[in-house]
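The values are calculated or read from the model by the stated rules, or taken from the named source; none is laboratory data. Not measured: the values here are computed from a predicted model. Virtual Cβ from ideal backbone geometry, glycine too; neighbours counted across all protein chains shown.
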Amino acid sequence: MPLLAVQDLSISFGGLAALAGVSFDVEAGEVAALIGPNGAGKTTVFNLLTGLYRPTRGRAMLDGEDLLGLVPHEIARRGVARTFQNTEVFRRLSVLDNVLVGQHTRLSGGLLGGLLGSPRVRREEAEARRRAETLLARVGLGDVADVDAASLPLGRQKRLEIARALALGPRLLLLDEPAGGLNPTETRELMRLIRGLRDEDGLAILVVEHNMELVMGISERVVVLHYGKRLAEGKPHEVARNPAVIEAYLGSGSGDADA
Amino acid sequence: MTRARLAGAVAAAAILLAWPLVVPGYFVFLATLVLVNGIVALGLNLLSGYTNQLSFGHAGFFAIGGYATALLTIHAGALPVPVTLLGAGLATALVGLALGIPCLRLEGLYLAMATLAFGFVVVEAILHLDWLTRGNDGLRVPVARLGPLAFSTEASRYYLVVVVTVLMVAGAVNLVRTRTGRAFLAIRESEVAAQTSGVNVAAFKTAAFVVSAFYTGVAGGLFAFVVGYLSPDAFDVFLSVDFLVMIIVGGLGSVGGSLIGAAIVTVLHDSLAAFQNYRPLIFGGIMVAAMLFMPGGVASTARAWRRR
């Protein structure tokens, strides 16, 4: 059984079908890429999988449980973490605090324990801080833990979002254009990081990306969306040779930021 | 804690403790009011500065805490004052819960309108429950007691307020550094990212209302003891605006800023007593100036200066 099984996923906005009957799987420990021209519905898939949108039809089974009836924080609690295309870091919080918020579901300190500063809460906080520092070191942000997230350049904000998502302890990680705005060196670092997450942590990763070097370089499976429908699914080299895919890409401009 | 901070803390503690011994009685009263308002500002800041839910109705919570304390002291005079204040705080927190849940659906201007209306409703309720609150005649508040101790002098009430303030500040400092406080801030910064990080936004927004009301209710209880007399006209909408001015001038999302803002507004009020009619004008002007020239309040301006 795949870790994530998306079946017949459909959503309309004001009568316009943004996604129509999209199905695909993501296996445990696999990197899958979701590609397609602008407006194909890639980010919409993420917004559905994380509960920000409600589908008009379809299911998304995570380990046999349908995510699509759940609200966002319940989905997060089940181990689905994401980043955002136009970064959504907590701008006026420190880099460290951003990652600490990411650990929200793993901590249990409540209102009263927080007010009273109970020993249990203090211990838990100290552990959380250590974990956050480890994660920041892993994504290469160990030196900026105390600065405001807003003051980081875009490339580092994107890595911060990945660290925050990892802090959740996810089973499935959704990366929305992680290489957007990165230079080639940063992109290669990112690819190394993503491979490490798959090989060392056994994470399943679904990535929306326009950068074909990254898509072809790290993914085991590519799903192509076009006008809200699945155009193709398969191994990277198969998809790259698929005439329908080539037609879709050449027929409409691509490579720019998604709408 | 660095040596400089430690020295600062010791100096602040010494000033706080010695204050009634070195200044005339009136300034003891004024300092007491500063601390009472400081607790309100803390509570309001947790809601508005930390969680981005603007309230124009905190005079209502303040009144509920005050009347609850007065009524508890009148009808259950044997209760020690910590129990009375805790009871008043919890009663106010319950009202905060009742207001917070329907307010979940509101944001920005609409939330401001709803809380504004809440403030008016509280005053009307006090007027109409005159069998309990004595309406416009006002309510005389008996002296606070703790066993054999009676807080009948200005200085003794000052020390009572100091102790409660220290506890409330410590609670707020703890809270904002832990999971709950971070969830508040995350909601302020990005509700979408907070949700997808696993924060139950509705629950924490409501929790912010409850904590905020608790703080303001306890402060209202202290206020009742400090002034010794309550009447509904003391809790008008201008008081709610004053509380907002405190946190805007002091610094949204800052514990220290809440206290500084409370001090500035309270002392300014006192020195402008002769110009009572111009109060809204003067405070409106201060608020606009603070937003224009110190958008982060005194707290962030001070931080920026220190970094130079």
Screening B:Val288, B:Val265 for residues that are more than 13 Å from the chain's Cα centre (by Cα), in a helix (DSSP H, G or I) and modelled with pLDDT under 95 leaves only B:Val288
Return only the number of the condition from (1) within 20 Å of the chain's Cα centre (by Cα); (2) surrounded by fewer than 16 Cβ atoms within 10 Å (Cβ to Cβ); (3) assigned to a loop (DSSP other than H, G, I, E, B) that A:Leu182 does not satisfy. (2)
Residue count, the stretch B:22-55, condition in a helix (DSSP H, G or I), without any contact (Cβ under 8 Å) to a residue 24 or more places away in the chain and either crowded, with 20+ Cβ neighbours inside 10 Å or aliphatic (A, V, I, L, M) (or both), comes to 1
Out of everything in the stretch A:211-232 that is surrounded by fewer than 19 Cβ atoms within 10 Å (Cβ to Cβ) and of a type outside the set (Gly, Ala, Ser), what residue ends up being nearest to A:Arg57 (Cα to Cα)? A:Lys229
Subset of the stretch A:74-97, residues free of Cβ contacts under 8 Å to residues at least 60 places away in the same chain, surrounded by fewer than 22 Cβ atoms within 10 Å (Cβ to Cβ), closer than 14 Å to B:Ala193 by Cβ and within 16 Å of the chain's Cα centre (by Cα), comes to A:Asn86
Against the definition (surrounded by fewer than 20 Cβ atoms within 10 Å (Cβ to Cβ) and within 14 Å of another protein chain (Cβ to nearest Cβ)), how does A:Arg171 come out, yes or no? yes
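Results for (1) closer than 15 Å to B:Asn174 by Cβ; (2) within 12 Å of another protein chain (Cβ to nearest Cβ), shown as yes or no for each residue.
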residue: A:Leu112; (1), (2): yes, yes
residue: A:Leu115; (1), (2): yes, yes
residue: A:Arg123; (1), (2): yes, yes
residue: A:Arg131; (1), (2): no, no
residue: A:Gly140; (1), (2): no, no
residue: A:Asp148; (1), (2): no, yes
residue: A:Ala163; (1), (2): no, yes
State all residues of the stretch A:138-161 that are in a loop (DSSP other than H, G, I, E, B) and without any contact (Cβ under 8 Å) to a residue 24 or more places away in the chain; if no residue qualifies, say none. A:Pro153
Looking for something over 27 Å from A:Met191 (Cβ atoms) and either surrounded by 21 or more Cβ atoms within 10 Å (Cβ to Cβ) or away from every other protein chain (no Cβ under 14 Å) (or both) - is there at least one such residue anywhere in the stretch A:26-48? no
Could you tell me which numbered condition B:Arg279 fails, if it satisfies all but one of (1) touching a residue at least 60 places away in the same chain (Cβ under 8 Å); (2) farther than 24 Å from A:Phe90 by Cβ; (3) surrounded by 13 or more Cβ atoms within 10 Å (Cβ to Cβ)? (1)
Among B:Phe243, B:Phe209, B:Phe214, the single one that is in a helix (DSSP H, G or I), crowded, with 24+ Cβ neighbours inside 10 Å and more than 12 Å from the chain's Cα centre (by Cα) is B:Phe209
With the requirement that a residue be within 8 Å of chain A (Cβ to nearest Cβ) and at negative phi, what does the stretch B:189-209 give you? B:Glu189, B:Ser190, B:Val192, B:Ala193, B:Ala194, B:Gln195, B:Thr196, B:Ser197, B:Val199, B:Asn200, B:Val201, B:Ala207
Can you tell me which of B:Leu116, B:Leu106 is surrounded by fewer than 22 Cβ atoms within 10 Å (Cβ to Cβ), more than 14 Å from chain A (Cβ to nearest Cβ), among the hydrophobic types (A, V, I, L, M, F, W, C) and not in a helix (DSSP H, G or I)? B:Leu106
Restricting to the stretch B:163-204, count the residues that are touching a residue at least 12 places away in the same chain (Cβ under 8 Å) and more than 30 Å from A:Tyr53 (Cα to Cα). 8
Which numbered condition in (1) modelled with pLDDT under 95; (2) within 29 Å of B:Val22 (Cα to Cα) is the only one that B:Leu139 fails? (2)
Count, please, the residues in the stretch A:11-56 that happen to be more than 26 Å from A:Leu197 (Cβ to Cβ) and touching a residue at least 60 places away in the same chain (Cβ under 8 Å). 8
Residues of the stretch B:132-187 classified as crowded, with 19+ Cβ neighbours inside 10 Å and not in a strand (DSSP E or B), total: 26
Among the residues of the stretch A:82-106, which ones are more than 7 Å from every other protein chain (Cβ to nearest Cβ), outside any helix (DSSP H, G or I) and either touching a Ser or Thr at 6+ places or on another chain (Cβ under 7 Å) or closer than 10 Å to A:Arg164 by Cα (or both)? A:Thr83, A:Gln85, A:Val89, A:Gln103
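Among the candidates A:Leu115, A:Leu100, A:Leu135, single out the residue that is of a type outside the set (Gly, Ala, Ser), buried (at least 19 other Cβ atoms within 10 Å of the Cβ) and free of Cβ contacts under 8 Å to residues at least 12 places away in the same chain.
It is A:Leu115.
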